[in-house]
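Okay, so here's the structure we're looking at.
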Amino acid sequence: MLRAFLWFLLLLSLAAPSAAQDFWAHWGDGKAELNGYALKQPRYGAVRSGTSVLIFVTEDFSDSLRVKADPGKHPASDVYPVLKLNAVRDFPTGIYDYNVMTSTFLRIAPGWPVAKVSFSSQEWCGHVWHQIVPRDGKLSGLFHSYFDGEADGAESLAFPQGGVLEDALPVMLRGWNGVYLEPGESRAVPLLPSLIWARLNHRPLAWTIARGAGTRSVTVPAGRFEVTTYTVVTADGRKLVFEIETASPHRLIRQTGPDGEELTLKGSTRLPYWQLNAPGGELHLKDLGLR
């Protein structure tokens, strides 16, 4: 389902996040950043209201297995640190709901090399899983689905130099490990659509065309923010807008897409969330603006 690619133009105008921050001074505290969003998700011809959570956390990663590396189980040459983004979306469709998550693993190095992206969707009709892993200049993928015609399959696509995955943009555009584009700079690079878009729309993955522009102030439930705006327009007419907080820590304040799709920041905190699985841990959801 991975096919040929096209080029896109990504343009950043007026302002960008500040120069590369001291990454480990901020992210090396053993905590995750948890951001809660009000979600508008188009599905089955209607815009559904739901919630989304973006979870950013560092962890050690095994290059050979492409999974989280437990201490002492791998040689040092096989382990490197990644910033993991778990992007969760929950939304109802009539009588039943969708529970969707995309996990993006990016190596903490200049350019944010992609280590793995995996996607899963669970709803009352069935479930879908899709994973892509870059190796030896290619993107290799596996997918399993309950939909006819895409039950089980493998795929491969050349990974061009400078290629960008849409699933990586919420990390890349934040400015950690260096500003992706200077103010007013434009750059032609290939972009691969997100796995959630490919799977929910039953489309094969293919590279697309885009361009971006603008900065502005926005007010969302979490407050008022100065943002840097990236606009991506794809070859098939899909328009995505990423509004990134200009000040540190450069959070994603709002993201919009076609047909009414929107994520709007409701709350944000930093917590070791994996330690908060006992009764009472749910009280911290209020910090994310979630119930």
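The values are calculated or read from the model by the stated rules, or taken from the named source; none is laboratory data. Only a predicted model underlies this, so the values are computations on that prediction, with no experimental measurement involved. Ideal geometry is used to build each Cβ from the backbone, glycine not excepted, and the neighbour counts take in all protein chains shown. The protein model used for the area step is the full one, side chains on, heavy atoms only, and it has no ligands, DNA or RNA in it. Shrake-Rupley method; radii C 1.70, N 1.55, O 1.52, S 1.80 Å.
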| Restricting the search to the range 175-200, which residues are more than 16 Å from the chain's Cα centre (by Cα), open to solvent by less than 20 Å² (accessible area, probe 1.4 Å) and at pLDDT below 75? | Leu181, Val189
| query | List, please: which pairs have Cβ atoms under 9 Å, are six or more places apart or on different chains, and start with a residue in the range 101-128 that is assigned to a loop (DSSP other than H, G, I, E, B) and end with one that is open to solvent by 30 Å² or more (accessible area, probe 1.4 Å) and of a type in the set (Val, Ile, Thr)? | reply | Ile108/Thr58; Trp124/Ile95
| note | Within the range 23-72, residues under 19 Å from Ile253 (Cα atoms) and basic (Lys, Arg) come out as Lys40
| query | Listed residues Ser77, Ser103, Ser120; which is of a type in the set (S, T, N, Q) and open to solvent by less than 20 Å² (accessible area, probe 1.4 Å)? | reply | Ser103
| Of (1) hydroxyl-bearing (Ser, Thr, Tyr); (2) open to solvent by 40 Å² or more (accessible area, probe 1.4 Å); (3) closer than 21 Å to Gly30 by Cα, Thr219 satisfies all except one. Which? | (3)
| Hey, Ala168 surrounded by fewer than 18 Cβ atoms within 10 Å (Cβ to Cβ) and either assigned to a strand (DSSP E or B) or modelled with pLDDT of 85 or more (or both) or not | no
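Please verify whether the range 19-38 includes one or more residues that are closer than 23 Å to Leu165 by Cα, surrounded by fewer than 17 Cβ atoms within 10 Å (Cβ to Cβ) and of a type outside the set (Phe, Trp, Tyr).
The first filter runs over the range 19-38 and keeps only residues closer than 23 Å to Leu165 by Cα, leaving 19-21, 23, 27, 32-37.
Filter again for surrounded by fewer than 17 Cβ atoms within 10 Å (Cβ to Cβ), leaving 19-20, 23.
Restricting the remaining residues to those that are of a type outside the set (Phe, Trp, Tyr) gives 19-20.
Yes, the conditions are met somewhere in the range 19-38.
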| query | Does Arg251 fit the bill of being in contact (Cβ under 8 Å) with a residue 12 or more places away in the chain, more than 16 Å from Leu85 (Cβ to Cβ) and not hydrophobic (A, V, I, L, M, F, W, C)? | reply | no
| message | Whether any residue in the range 52-68 is at negative phi, free of Cβ contacts under 8 Å to residues at least 40 places away in the same chain and outside any strand (DSSP E or B) is what I want to check. | response | yes
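Table: residues versus (1) closer than 30 Å to Asp152 by Cα; (2) of a type in the set (A, V, I, L, M, F, W, C); (3) at pLDDT 80 or above.
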position: Arg203; (1), (2), (3): yes, no, no
position: Thr208; (1), (2), (3): yes, no, no
position: Gly212; (1), (2), (3): no, no, no
position: Gly237; (1), (2), (3): yes, no, no
position: Val241; (1), (2), (3): no, yes, yes
position: Glu245; (1), (2), (3): no, no, yes
position: Leu252; (1), (2), (3): no, yes, yes
position: Thr269; (1), (2), (3): no, no, yes
| Taking the range 55-81 on its own, how many of its residues are under 30 Å from Tyr37 (Cβ atoms) and of a type outside the set (A, V, I, L, M)? | 9
| query | Any idea which of Asp97, Asp70, Asp63, Asp90 is touching a helix residue (DSSP H, G or I) at 6+ places or on another chain (Cβ under 7 Å) and open to solvent by 20 Å² or more (accessible area, probe 1.4 Å)? | reply | Asp63
| note | The number of residues in the range 140-165 that are surrounded by fewer than 21 Cβ atoms within 10 Å (Cβ to Cβ), of a type in the set (A, V, I, L, M, F, W, C) and part of a strand (DSSP E or B) is 3
| task | Scan the range 71-119 for residues that are polar (S, T, N, Q) and farther than 14 Å from Leu54 by Cβ and jot them down. | result | Ser77, Thr93, Asn99, Ser118
